[in-house]
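Taken together, the values in this text are just the output of simple stated rules run on the coordinates, not laboratory data. Worth saying up front: this structure is predicted, and the values here are computed from it rather than measured. As a convention, Cβ positions derive from the backbone with ideal geometry for all residues, glycine included, and neighbour counts pool all protein chains shown.
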Amino acid sequence: MAIVALEKVTFCGPNQDKSAFLAALQALGLVHLVSLRPAEGWGEKAPQRPEGAYQALRWLVDNPQRFIQVTDDQEFDFDAVVAAVRHNRYALTETRNHLETLLAQRKLLEPWGQFDPPTPDHFSGLHFWYYVVPLHQFAQMDKEGLTWAVVKRDQRQVYLIVISEKQPPKERIALPPVPIGHLSLKKLDVQIRSVRQRIQELEFQRMWQTRWISLILRELARAEDRAALNHAANLTRDESDLFVLHGWLAQKDRARVEKFVEQQGIAAFFEPPAADDQPPTLLSNPPKVAAGEDLARFFQTPGYADWDPSRVLFFSFAAFFAMIIADAGYALLLSLGLVAFWKKLGRKPMTRRLRTLAAAMLGAAVTYGVLVGNYFGVSPPAGSLAAALQVIDLNDFDTMLRLSVFIGVAHLLLANGFRAIRYWPGSSARVALGWNGMLVAGFSGWLAASGVLPEALLPLCWVLGIGSGSAIFVWSSNRPINSAKGAALRMLDGLGALTRLTRAFGDVLSYMRLFALGLASAALALTFNQISSATAAALPGTGLFLAAMILVLGHALNLALAIVSGVVHGLRLNFIEFYNWGLSEEGYPFRPFCKKEIHHE
């Protein structure tokens, strides 16, 4: 669990070999490139994505049915295929919209029956105005001077036709006329049938075009590789007949790069990072916990001089999610869904990492649900194996409160501990240890004062707290003491650092949300169970159906809320409370100059 050590590398070679060298360097895929161009003048040109081609690809990938992929690209015209797919997308979208318009028109016309709506030309400029008027409003309507006829009547309204050159004023008929158009039902049905046939043709065309997905992916990867190659060419500094390129590489890859430049006939200079350098951050973790890297990058990539929080994020996020779900039944249900999609989630590196994280989260959730004895809001019967495995009582508020605070203290102890290890023997490491001492003293003192620990420990807690506070006061500032003013400012710095005590208190209490949300989830599940049972008992027969609906919908809602809470608050405790104490600087990720990897579902 460490940030990979990097080295600076500078390549130098003749301009005539620049293109070939960059292509080979891209194939090697080990170096993060840095621009040597001046900030003004040429600048850097970021590689551009062919958005139209990506839209076409997404259109084909989203189709549920696919043809067998074509692998021979001899007859593959990328531009023509992309244009055809985009035309299909446009045509199918427009045709579907046209069908919706026709169906809406038919729905308006259907109550009027089968007839050909006349146009003004048929009656010397007279228009037919169609109204659907409620019965009570029709009885009160002033029909004097209007040419009208009722063509249909039901229990609620009448279907009224008024013939006139202009639309009757709102004072006579307050309702707007129905825009039924000038097509009969028969003609509309013919058009609808024709449009539906056209949609089927376009849908089949789309499905037929899915056979190009693999080749489109391959060509897009090549296009992005070419764009990245052009971008890399803009990062070099060209002097006379030579080019110079600067980058970063992992120390462990130096031997491979040395062999590479020897083969290419290019000079390379290696040197460690200088104090004023800002290297990128390359995280490296075993595949089983690599999803922690994604969590770290999601919020903030740690700086190169900092430490890698990936594993802590991985396990703490899984634990927090489990405590908020707090139900073994829910966790097992979600686990079945994960098992169902297990193979599909293993097709790409990213989804494989997320699959591992999901397995850890649900494994922790099942374990914690068994420990608290909660199964869809139902407690296990006394004497059963499940009851014997229950060791935590969610309704024991005092114990759950202490457990939540303990988890908060432990999480912050980890943050400060890893910070101290990374920066030891610097002053920031001593300050981190001082805060750990304050956290231990405060938590132990609280337990001793409440009778959980022997009261005799209280004086020791005071000693530890005062000693830790003194360390924070002394080591929190690097200001030199070379005058009375310097000493006074150094003391003010120390006092300012101690004001973080209130923040530490608030951050620890923030972990009480684990208990509160877990209890809320369990209580809501129990409530839905009780409502369902009461409904079934009160309404024999039909009540059973209603009870089942309440049970299913209620637990579905509770599960959705629990998942959202588990993800949001699990991330929040890691990214806000933990990051505030454990990490001090933000970095940027190591992005090797390499060829694009193709993943095809």
For this session: Scan the chain and hand back the longest stretch that contains none of the trypsin sites (Lys or Arg not before Pro) lying in DSSP loops with at most 11 other Cβ atoms within 10 Å.
Result: 344-601
Seminar exercise, completed: Along the dipole axis of region 118-179 (charges at Cβ: +1 for Lys and Arg, -1 for Asp and Glu; origin at the Cα centre), the most positive-end residue among T119, I161, V132 is V132
Seminar exercise, completed: Two pseudo-spin positions, 7 Å from Cα along C-beta at S124 and at A5, lie apart in nanometres by 10.3
Exercise. Toward the positive end of the charge dipole of the chain, about the Cα centre and with charges on Cβ (Lys, Arg +1; Asp, Glu -1), which of G181, F260, T281 goes farthest?
Worked result: G181
Seminar exercise, completed: Nearest 10, in degrees from 0 to 90: the angle of helix 500-510 to the longest Cα principal axis of the chain is 50
Problem set entry | R0 of 41 Å, Cβ-Cβ distance A560-H136: FRET efficiency to nearest 0.05 | 0.35
Exercise. How large is the dipole of region 473-601 about the Cα centre if only Lys and Arg carry +1 and Asp and Glu carry -1, each at its Cβ, rounded to the nearest 20 debye?
Worked result: 460
For this session: Write down the Å³ per residue value for the convex hull defined by the alpha carbon atoms of region 118-179.
Result: 83
Problem set entry | Distance (nanometres) between label positions extended 7 Å along Cα→Cβ at Y90 and A23 | 3.6
Exercise. Hey, could you pull the Cα Rg and Dmax for the chain, both in Å?
Worked result: 35.6, 107
Exercise. If amide H atoms are built 1.01 Å from N in the plane of the peptide, which residues on other chains or at least 5 residues away come under 5 Å of the amide H of T301?
Worked result: G587
Exercise. Gap in Å between the Cα centre of region 265-289 and the Cα centre of region 532-601?
Worked result: 36
Seminar exercise, completed: If every Lys and Arg gets +1 and every Asp and Glu gets -1 at its Cβ, then about the Cα centre the chain yields a dipole, in debye to the nearest 20, of 760
Problem set entry | Separation of the R58 and T527 label points, Cα + 7 Å toward Cβ, nm | 3.9
Problem set entry | Per-pair calculated FRET efficiency, R0 = 41 Å: N478 and R254 via Cβ, rounded to 0.05 | 0.75
Exercise. Mind listing which GluC sites (Glu not before Pro) in region 164-218 are in a DSSP loop and have 11 or fewer other Cβ atoms within 10 Å?
Worked result: E165, E171
For this session: Would you please classify the overall shape of region 487-539 from the alpha carbon gyration tensor, given that a ≥ b ≥ c denote the square roots of the eigenvalues, rounded means a/c under 1.5, and beyond that prolate means a/b larger than b/c while oblate covers the rest?
Result: prolate
Seminar exercise, completed: FRET efficiency for K152 and I192 from the Cβ-Cβ distance with R0 = 22 Å, rounded to 0.05, comes out at 0.45
Seminar exercise, completed: Under 5 Å from the placed amide H of H127, counting only residues 5+ away or on other chains, we find S164, E165
For this session: Name the long-range amide H neighbours of L6: under 5 Å, sequence gap of 5 or more, or other chain; modelled H, no Pro or chain starts.
Result: Q251
Exercise. Nearest 10 degrees, 0 to 90: what angle lies between the long axis of helix 254-264 and the longest principal axis of the chain (Cα atoms)?
Worked result: 70
Exercise. Can you give the calculated 222 nm mean residue ellipticity of the chain, where each DSSP H run of n ≥ 4 adds -39,500 (n - 2.57) and the sum is split over every residue, rounded to the nearest 500 deg cm²/dmol?
Worked result: -19000 deg cm²/dmol
Exercise. Which Rg and Dmax, in Å, describe the Cα atoms of region 145-248?
Worked result: 33.2, 96
Problem set entry | Contact order normalised by residue count of the chain, Cα under 8 Å, 6+ apart, percent | 21
Exercise. Just from the alpha-carbon atoms, what are the Rg and Dmax of region 307-582 in angstroms?
Worked result: 23.5, 89
Exercise. Angle, helix 185-209 long axis vs. longest principal axis of the chain, Cα atoms, 0 to 90°, nearest 10?
Worked result: 30
Problem set entry | Under 23 Å from the Cα of K143 - lysines, other chains or at least 8 residues apart | K152, K166, K170
For this session: For the pairs K288/K344; K252/K344; K348/K595, note any where the Cα-Cα span goes beyond 22 Å.
Result: K252/K344
Exercise. Put +1 on the Cβ of every Lys and Arg and -1 on every Asp and Glu Cβ in the chain; which of T502, F11, L235 then has its Cα farthest towards the positive end of the dipole?
Worked result: T502
